[in-house]
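Chemist: Quick one: the structure is below, and I'll ask about it shortly.
Each reported figure results from applying straightforward, stated rules to the coordinates on display, with no laboratory input. Note that this is a predicted model, so its numbers are computed, not measured. Using ideal geometry, Cβ is built from the backbone for each residue, glycine included, and neighbour counts are taken over all protein chains shown.
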Amino acid sequence: MSNYLTTTNAASLYQTVSNMSNYLTTSAASTTYQTVLSVASATSGLFRLLTTRPGNSTQYIGSLNFPSGSLFGAIISASTPDIINLDDSNFYTTFYTQSQSDTKYATKASPTFTGTATAPTINATTSLQVGGTNINTIYQPMFYATAAIGTNGTVATTGGKVALTCSAPSPTGTYTISWANSGTAPTYAFLQWKTAATPGYCGYSSLSTTGMIVYTYNSSGTLTNASFSVAVVL
């Protein structure tokens with residue numbers, strides 16, 4: 001008889017039928033509560049979220065999607081679909097960090113370059129500098145006009161920024177040289193006596209935006225026709 005349930009044992013082990021109404025039945029639960037959701041693993045770039053709408057307590061499944069080419073992606077393991085990891089590796093292969101940029105690019109203000117810097121044609125609006133010094137104080141500017149002039153005023157060779165012309169000597173030892181209007185009167189001109197075996201010297205006057213007059217003298221100071229070279233500097 002020890003295997004049978006007595007009234008005393010039943011009262012201490014089991015709920016009475018009248019109190020069973022306090023327990024939740026399966027049928028009542030199915031109409032009252034949301035079933036436990038199993039969030040399945042998602043494809044790359046798309047995963048599910050259990051969420052609620054604003055102002056509505058009802059839960060629903062939403063999808064968060066990373067479009068193709070996004071800087072971020074989602075890594076979801078099939079064994080732990082409830083844990084979502086953001087993959088930012090594409091971000092670092094697309095953009096440089098501040099420290100990487102500092103080592104790869106020069107700053108816009110006062111950049112410092114190493115090696116040989118190459119550039120297209122420089123159209124400077126201010127004076128070019130070398131080591132902070134205006135190049136016009138370091139190097140001789142290009143001559144505005146240069147030429148080798150024969151005894152009869154023939155221009156043998158010409159160079160510089162513009163070509164020049166020369167008249168036949170008139171009077172003797174006096175040459176009128178002309179060039180395109182420079183807009184600015186030249187600063188000075190170099191002259192060199194070129195007649196071989198005959199000593200002499202040169203001088204000039206009337207240096208202007210369009211030309212000058214050159215005089216050639218022999219060693220006695222008398223005007224004489226001679227060959228010479230000229231270089232005009234703005």
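Chemist: For the residues TRP193, TRP179, what sequence is obtained by ranking on other C-beta atoms within 10 Å, fewest first?
Modeler: Numbers: TRP193 18, TRP179 22.
If I rank by nearby Cβ atoms, fewest first, I get TRP193, TRP179.
Chemist: When a footprinting reagent is the concern and you count Cβ atoms within 10 Å, what order do PHE190, PHE143, PHE113, PHE228 take, fewest first?
Modeler: PHE113, PHE190, PHE143, PHE228
Chemist: Taking amide H positions as placed 1.01 Å from N in the peptide plane, with prolines and chain starts having none, which residues 5 or more places from ILE149, or on another chain, fall under 5 Å of its amide H?
Modeler: ALA156, PHE228, SER229, VAL230
Chemist: Please report, largest first and rounded to whole Å, the three semi-axes of the ellipsoid equivalent to segment 145-233, where each semi-axis is the square root of five times an eigenvalue of the C-alpha gyration tensor.
Modeler: Calculated on Cα positions only, the semi-axes equal 21, 13, 11 Å.
Chemist: So if R0 is 35 Å, what FRET efficiency would THR198 and ASN134 give, r being the distance between their Cβ atoms, rounded to the nearest 0.05?
Modeler: 0.25
Chemist: Quick one: ILE149, ILE135, fewest Cβ neighbours within 10 Å first, how do they rank? Don't skip to the answer; put the middle values down first.
Modeler: Values: ILE149 26, ILE135 13.
Final ranking by Cβ density, sparse to dense: ILE135, ILE149.
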